[in-house]
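A quick write-up on the structure given underneath.
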Amino acid sequence: MRVKAGCMGFVAAAAMLFAGPALAQDARFYVGASVGQAEVEGFCSEISSIVSLVGGSLGSCDEKDTAWKLFGGYQFNRHFALEGSYFDYGSASARGQTFGVPLQVAADLTAFGIAAVGMLPLGSQFSLFGKLGLLRSELDVGASGVGGASAGSDSETGLHYGVGLMFNLAGNFSVRAEWERNDEAEIDMLSLGVQVRF
């Protein structure tokens, strides 16, 4: 916990330094959308362990699904921006049986949060970027089996970080390719998206 708090303090301090002397240079709002694939790390092994405890077994399990996100932010200068995002990671699912009765489990995952984004221009069209922030994750789980059907939900807040490459097209459009990690929910996402600057 102290490590995470220290990281956030460092990002906040760096933001002040970057934004101070060149606040007006290249300052502008932007919005965008991305689509890709998310993977919930450890979902299948956890469900398998639970099912095994009650004498059941898994027939299939899928930790990956199509994912998408919407994002928007304010770029203070060539090197720093603040960005808010909403993620829909899709679903992780498992099928099996307990006591000869079919079992199904599905987990739907979403998140929203804010991150500091640091950018390193590579010429006039390309730039590398990295991000660090916090995400509030929402988990909705549904299961059906021997005891009938049940549902539950949970939420948690944790660290969010990632790296990416951006290519500036003509006008105010850019294409972004990035990898992001929802650390608390243990979700990795690879995506490709479009960004529009105003």
Here is a list: VAL163, VAL141. Which entry is among the aliphatic types (A, V, I, L, M), modelled with pLDDT of 95 or more and in a strand (DSSP E or B)? VAL163
Given the conditions (1) assigned to a strand (DSSP E or B); (2) more than 13 Å from the chain's Cα centre (by Cα), and given that ALA115 satisfies all but one, which numbered condition is not satisfied? (2)
Taking segment 146-160 and keeping only residues that are on the phi < 0 side of the Ramachandran plot and part of a strand (DSSP E or B), one is left with ALA149, SER150, ALA151, GLY152, SER153, ASP154, SER155, GLU156, THR157, GLY158, LEU159, HIS160
What pairs come out if I take residues in segment 70-94 that are closer than 23 Å to LEU122 by Cβ and pair them with residues that are charged (D, E, K, R) and in a strand (DSSP E or B) whose C-beta lies under 7 Å away, six or more apart or interchain? PHE71/GLU83; GLY73/GLU83; GLN75/ARG28; GLU83/LYS131
Select from segment 166-185 the residues that are modelled with pLDDT under 95 and either among the basic types (Lys, Arg) or not in a strand (DSSP E or B) (or both) and write down the one among them that is surrounded by the fewest Cβ atoms within 10 Å (Cβ to Cβ). ALA170
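The values are calculated or read from the model by the stated rules, or taken from the named source; none is laboratory data. Computed from a predicted model, the values in this text were never measured in an experiment. Cβ coordinates were reconstructed from backbone atoms using ideal geometry, including for glycine residues, and neighbour counts include every protein chain displayed.
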